[in-house]
Structures are given as C-alpha cells and as structure tokens.
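*Asks:* Take this structure first; my questions come after.
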Amino acid sequence: MNSSLKDGLLKGKVAFVAGASSGINLGIAQRLAEQGAKVAIISRSAEKIAAAAKTITDKGYPCVGIAADVRDYAAVDAALAEAVKQFGKIDIVLSGAAGNFVAPALGMSANGFKTVVDIDLIGTFNVLRACFQYLNRPGASLISITAGQGERPSMFQAHVCAAKAGINMLTKCLAMEWGPAGVRVNAISPGPIADTEGMARLAPNPGDEQRIKSRVPLRDYGEKLDIAEAVVYLSTESARYVTGVIMQVDGGSGLGDAGANAIPEGF
Ligand code: NAP
Ligand code: COA
C-alpha cells in the first residue's frame, strides 16, 4: 500500500461488495476493510469467495464471504440479509460482478450475448434494487463498476458495450429516484488495470500491453488500488454532494487515442 494514503476513513461502516472473489473488486473489498469497514463479499463460487474472504480476515479485518449469483435476485436478497445479520446494517454497496469474452457479434449466440448482459446489467439492477431496503439511509453510497465500453463502441465487445452502457444509464436514473432518500448512486469506469482477468482476456498477446499503454495519456496501466481509492472517496462524507456520476479512473483513456499521431520532434 502507498504509505501516503490515509486509513480509518470508513470506521463503523458496513460494505457489501458483489463480484469480489478476485481482481479489482477483491482489491476494493480489501481497501474498504483497511479503511475500517466491515465487509461482506459475494460471488458465484463458494470456494473462491471463502478463500477471498480469508485473505481479508487473515489480515485481522472483519469479512464474510457468501456464495450468490447476481443473476438470481432471491440469492442476492438472501446474501444482503445475511450481511445485515452478521454486521447489523449496510452503508456502502459495490456492484462489480462481470463476464467478458472477445467475440464478433456473428460469433456470439443469443445466449452468449444474454449471459454477459445478465451478469453485468441485470446483475447490477438486482444488487442495487435488492439492497435498498437494507440500507442505512440517509447517507448510503451505491457504486457500480462500469467500463469504457459503456461510452465508446469497441470491436468484438457488443455484449459488454451494451451491458455497460445500460449500467451507466441505470446509475443516473437511480441517482435521480433515490436522491430524495439520501442514497447516492455513482459508477466508476476503470481504464486498463494491471494483473486482472479482464486485461488477460482483452490483451492476451505479447506486445498488447505496450500498444495499449502507448495510447493512454498517462502511458501506464492502472493498479487495483487506483480504483479502490475512488471507491473510498465516493463512500465518505467528502463525496456527500456527488451523485449520478460516471467517474473515469482510466489514465485519460476515455479522452481518445493519445498515440494515434506521429510524435513531433522534441515532444
Ligand atoms: P474478475 O477478477 O474476473 O472479477 C469478476 C468477478 O465477478 C469475479 O470475482 C467473479 O467471481 C464474479 N462474478 C462473475 N459472474 C458472477 C455472477 N454471475 N454472480 C456473482 N459474481 C460473479 O475481473 P476484473 O478484471 O477484476 O473485473 C472486475 C470489474 O472491473 C468488472 O466489472 C469489469 O467489467 C471491470 N473492469 C475491468 C477492467 C480491467 O482492466 N480489468 C477495466 C474496466 C472495467 P466468481 O467467478 O467466483 O463468480
Ligand atoms: N465466444 C463466444 N461465445 C462464448 C464464449 C466465447 N469466447 N465464451 C462463452 N460463450 C457463450 C457460450 O457458448 C454460451 O452460449 P451457448 O449456450 O449458446 O453455447 C454462453 O456464452 C454462456 O456460456 P457459459 O460458459 O455457460 O456461461 P457462464 O455463466 O458459466 O460463464 C462467462 C459466463 C461466459 C462470461 C465466463 O467467461 C465467466 O464466468 N466469466 C467471469 C470472469 C470474467 O469474465 N472476468 C472478466 C471480467 S471483465
């Protein structure tokens, strides 16, 4: 961890993190725990989520892992009820479960397209809709993980583009509807993040990493901690007037291709 970062900002809070057996979302759960939150995490696999929870409890932080598929509303509801049973309330909800594979639309069955929309978009609706009754409100913070594909079309990503665009609009609609109840609803759009399943699928070939980095204005992949820190900010009082935002934490990737033109001499 970067030693300049503060800890303890979320003391007394309880967080529920969906899709947290690995990757960015596990990094988020870990950071929320370091900041003092008690954390309930879910994913499809009972073994994977138990192992993930253990990585957090082994460091001395309260965490419970619960198996639940975000496509199953009743299972999500039961997991939220279990989290409240264990920790008493829910202040922060992170919806980040996702599926991705690279395929042209014509190489994708109807079920292939539906599977990704079901996990990413319907799953996010399920998590956010089901959590409302359990929220400690006013003051609750709901955050979804979207992606650049939600704003920019991408080859061989029709399913993900459609699903993440849906998450972006859902975020804004729920921010409007739930603002009066004191519930803030935001999303974070990560750029390419190092050492993740997402990048392993999107950039599997030698040379992919350098090519992608050369097109990012900040010329690097992000770290899981970069996304986790944005989640921490959105979960604190510092963000009390922030809702309906799609926050880019992407090294400037969303601005456009920063490596498209020849570099003038002396630049
Ligand atoms: P990851 O490690 O594969 O994380 C996905 C998580 O979702 C896993 O914990 C998986 O656990 C869980 N999951 C999948 N289907 C589920 C379901 N139906 N119900 C419940 N949990 C489910 O991938 P990642 O690369 O870290 O991506 C995490 C998030 O960041 C995703 O929302 C992704 O779209 C977004 N993102 C990633 C990048 C990147 O550079 N990696 C960039 C932009 C956005 P189980 O297998 O145990 O269910
Ligand atoms: N190309 C085309 N279609 C594919 C595919 C690929 N590479 N991979 C899966 N599919 C299709 C399957 O063929 C199936 O369609 P069909 O029934 O018409 O044959 C459909 O997608 C569902 O596949 P299945 O394996 O049954 O789904 P699942 O629910 O077990 O798994 C996935 C969901 C496919 C998204 C799987 O990759 C996964 O579990 N991903 C989670 C991790 C992840 O993607 N991390 C990165 C997040 S950014």
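The values are calculated or read from the model by the stated rules, or taken from the named source; none is laboratory data. Just so you know, these numbers come straight off a predicted model, no measurement behind them. Positions of Cβ are generated from backbone atoms using ideal geometry, with glycine treated the same way; all protein chains shown enter the neighbour counts.
*Asks:* List the number of the failed condition for Lys48; all other conditions in (1) part of a loop (DSSP other than H, G, I, E, B); (2) more than 22 Å from Leu121 (Cβ to Cβ); (3) within 14 Å of ligand 2 (Cβ to nearest atom); (4) charged (D, E, K, R) hold.
*Replies:* With (1) part of a loop (DSSP other than H, G, I, E, B); (2) more than 22 Å from Leu121 (Cβ to Cβ); (3) within 14 Å of ligand 2 (Cβ to nearest atom); (4) charged (D, E, K, R) applied to Lys48, the lone miss is (1).
*Asks:* Scanning the range 149-207 for residues that are assigned to a loop (DSSP other than H, G, I, E, B) and in contact with a Phe, Trp or Tyr (Cβ under 6 Å, 6 or more places away or on another chain), which turns out surrounded by the fewest Cβ atoms within 10 Å (Cβ to Cβ)? Show your work before the answer.
*Replies:* So the first thing to find is which residues in the range 149-207 are assigned to a loop (DSSP other than H, G, I, E, B), and the list is 151-157, 182-183, 191-192, 194-196, 203-207.
The next check asks that each one be in contact with a Phe, Trp or Tyr (Cβ under 6 Å, 6 or more places away or on another chain); those that pass are 192, 194.
Values: Pro192: 23, Ala194: 12.
The residue in question is Ala194.
*Asks:* Give me the residue from the range 70-98 that is surrounded by fewer than 20 Cβ atoms within 10 Å (Cβ to Cβ) and closer than 27 Å to Gln157 by Cβ and, out of that set, farthest from ligand 2 (Cβ to nearest atom). Break it down into steps so the answer makes sense when it comes.
*Replies:* Initially, the range 70-98 is screened for residues surrounded by fewer than 20 Cβ atoms within 10 Å (Cβ to Cβ), giving 71-75, 77-78, 81-82, 84-86, 88-89.
Subset that is closer than 27 Å to Gln157 by Cβ: 71-73.
Numbers: Arg71: 8, Asp72: 12, Tyr73: 16 Å.
The qualifying residue farthest from ligand 2 (Cβ to nearest atom) is Tyr73.
*Asks:* Kindly establish whether Glu47 is modelled with pLDDT of 95 or more, within 13 Å of ligand 1 (Cβ to nearest atom), within 24 Å of Gly27 (Cβ to Cβ) and of a type in the set (D, E, K, R).
*Replies:* yes
*Asks:* Thr236 - would you say it is over 19 Å from Thr146 (Cβ atoms), away from ligand 1 (no atom under 11 Å from the Cβ) and under 20 Å from the mean Cα position of the chain (by Cα)?
*Replies:* Taking the combined requirement at face value, the residue satisfies it.
*Asks:* Of everything in the range 5-24, what is of a type outside the set (Asp, Glu) and surrounded by fewer than 16 Cβ atoms within 10 Å (Cβ to Cβ)? Give them in sequence order.
*Replies:* We begin by selecting, within the range 5-24, every residue of a type outside the set (Asp, Glu); these are 5-6, 8-24.
Residues satisfying the conditions are Leu5, Lys6, Gly8, Lys11, Gly12.
*Asks:* Further, regarding this structure: Between a first residue in the range 86-101 that is over 14 Å from Lys164 (Cβ atoms) and a second residue that is surrounded by fewer than 24 Cβ atoms within 10 Å (Cβ to Cβ) and aromatic (Phe, Trp, Tyr), which pairs have beta carbons less than 8 Å apart while being 6 or more apart in sequence or on different chains?
*Replies:* Every condition considered, the pairs that remain are Lys89/Tyr134; Ile90/Tyr134.
*Asks:* Moving to a separate point now. Say whether the condition of being assigned to a helix (DSSP H, G or I), near ligand 1 (Cβ under 9 Å from one of its atoms), over 19 Å from the mean Cα position of the chain (by Cα) and among the aliphatic types (A, V, I, L, M) is met by at least one residue in the range 74-81. Write out each step before concluding.
*Replies:* Kept after step one, since they are assigned to a helix (DSSP H, G or I), are these residues of the range 74-81: 74-81.
Remaining after also requiring near ligand 1 (Cβ under 9 Å from one of its atoms): 75-76.
Now narrow it down to the ones that are over 19 Å from the mean Cα position of the chain (by Cα): 75.
So of that shortlist, the ones also among the aliphatic types (A, V, I, L, M) come out as 75.
Yes.
*Asks:* Can I ask one more? Just checking, which of Pro153, Pro192, Pro138 is more than 10 Å from ligand 2 (Cβ to nearest atom) and in contact with a Cys (Cβ under 8 Å, 6 or more places away or on another chain)?
*Replies:* Pro153
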